[in-house]
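The values are calculated or read from the model by the stated rules, or taken from the named source; none is laboratory data. Since the structure is predicted, the reported quantities are computational estimates derived from the model, not experimental observations. Cβ: placed from backbone, ideal geometry, glycine included. Neighbour counts: every protein chain shown.
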Ligand code: AMP
Ligand code: MG
């Protein structure tokens, strides 16, 4: 057996980030920026008012209350507006440009406008700059707005739209093909013959792929037959940036996945010192990485989390590949007799108002018992020979 970190290093050393491409900004949420973004525009582009009110000279408010002559009204979007002279004010709406001459805003609540005679009474003294949003207060030309490697989220799209970007350079979203292998597997909801089970891994893995921000491609259910496995992998490699299969990587006599992959790819077959998900295979065919996950449903999910997801994140351009680990309180004792393996237990629970997690078992811990994996909000990481009492501290990998 090899350690999890050796397996991870082996995989991560052999995958690279995908090329960067220019894509419409509208489609970029969840992707990773492929180049630094330097602003060529100011935000805001011009000085404007943060409040509905009156634009005036701050000096005219000394000794308030004062009465000023109203010389016009400026709405957001107006480009034609009066100059404000001493003793004058302009009505102004939020977002409208500050008119020449004015250096401050008094919000409407502290004024009384007299339509007849067109005057306004200003109740308060204000300083220059009051409620004025200066040009470039958020972004200036030449600013490094976001660095290469930034994960684009809603706010980033807003900033990029605000500086006039309609496209953005990002790492390509990995297209990840997912297939299930095994003669016992059936698709859909029909009756089961003796010995058959339903394929549950494919939908789960496709959902994990998509949840992780990648594009999932369903490569179907492949029987344990050399020809079928060969064409499934080769066709998948044409269409996808990476392929994930489940099943057929352990010691079974009919595990043709091994035979086929050894022929078409440079593979390493691993036994990793973890439970679940001990068997794992990784290789490259051409330029396409193959992840061979074990067939047991819980194992395939854990294997995806620990090995495939970090590598796919690297391909997607992320700087951080692993989920963060946290310390938590366990309500149940944790530990196992020495088997030279680190156990990843399926736990329920979550953080309290301070962010501190408390966890308990999510149910049956067999690698075929998906219900507990489905309920799990975290994996407890229990090293070989650990003995943690109920109420003690353990390490967890939150999954939510
Ligand atoms: P294998 O890794 O092919 O030896 O399979 C290990 C166990 O996982 C066996 O009990 C298989 O029936 C089961 N298994 C394999 N693939 C799937 C799948 N796609 N969905 C559900 N169970 C599976
Ligand atoms: Mg099998």
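What to note about this one:
- Total residues in segment 29-55 satisfying the condition of being over 28 Å from the mean Cα position of the chain (by Cα) and in a strand (DSSP E or B): the figure is 5.
- Assessment of segment 188-195 against the conditions (surrounded by 21 or more Cβ atoms within 10 Å (Cβ to Cβ), assigned by TED's automatic domain parsing to the domain that holds residue 259, at pLDDT 95 or above and within 15 Å of ligand 2 (Cβ to nearest atom)) yields no matching residue.
- Scanning segment 225-247 for residues that are more than 14 Å from residue 289 (Cα to Cα) and without any contact (Cβ under 8 Å) to a residue 12 or more places away in the chain, we see that the one that is farthest from the chain's Cα centre (by Cα) is 227.
- Scanning segment 247-277 for residues that are more than 20 Å from residue 14 (Cα to Cα), within 11 Å of ligand 1 (Cβ to nearest atom) and either outside the structural domain of residue 311 (by TED's automatic domain parsing) or in contact with a helix residue (DSSP H, G or I) (Cβ under 8 Å, 6 or more places away or on another chain) (or both) returns 247, 248, 256, 257, 276, 277.
- Helices (runs of 4 or more DSSP H) contained in segment 248-317 and holding at least 1 residues within 25 Å of the chain's Cα centre (by Cα) and modelled with pLDDT of 95 or more: 297-303, 309-315
- Among the candidates 396, 388, the residue that is in contact (Cβ under 8 Å) with a residue 40 or more places away in the chain and under 23 Å from the mean Cα position of the chain (by Cα) is uniquely 396.
- Strands (runs of 3 or more DSSP E) lying entirely in segment 124-232 (those with 3 or more residues that are within 16 Å of ligand 1 (Cβ to nearest atom)): 175-181, 215-222
- Among residues of segment 195-217 that are over 21 Å from residue 277 (Cα atoms), those with a beta-carbon under 7 Å from a residue that is within 13 Å of ligand 2 (Cβ to nearest atom) at least six positions away or on a different chain give the pairs 195/184; 196/184.
- With respect to the conditions (1) away from ligand 1 (no atom under 16 Å from the Cβ); (2) within 22 Å of the chain's Cα centre (by Cα); (3) closer than 25 Å to residue 215 by Cα, residue 325 falls short on a single one, namely (3).
- Test: residue in segment 343-364 that is over 27 Å from the mean Cα position of the chain (by Cα), within 16 Å of ligand 1 (Cβ to nearest atom) and assigned to a loop (DSSP other than H, G, I, E, B): yes
- Selection count, segment 233-247, where residues are in a strand (DSSP E or B) and over 16 Å from residue 205 (Cα atoms): 0
- Index of the failed condition, residue 26 passing every other in (1) outside any loop (DSSP other than H, G, I, E, B); (2) within 16 Å of residue 134 (Cα to Cα): (2)
- Within the option set 378, 374, 362, being surrounded by fewer than 15 Cβ atoms within 10 Å (Cβ to Cβ), farther than 24 Å from residue 2 by Cβ and modelled with pLDDT of 95 or more holds for one residue only, 374.
- Taking the conditions (1) under 25 Å from the mean Cα position of the chain (by Cα); (2) over 30 Å from residue 234 (Cβ atoms); (3) not assigned by TED's automatic domain parsing to the domain that holds residue 37 in turn, residue 142 satisfies each one other than (1).
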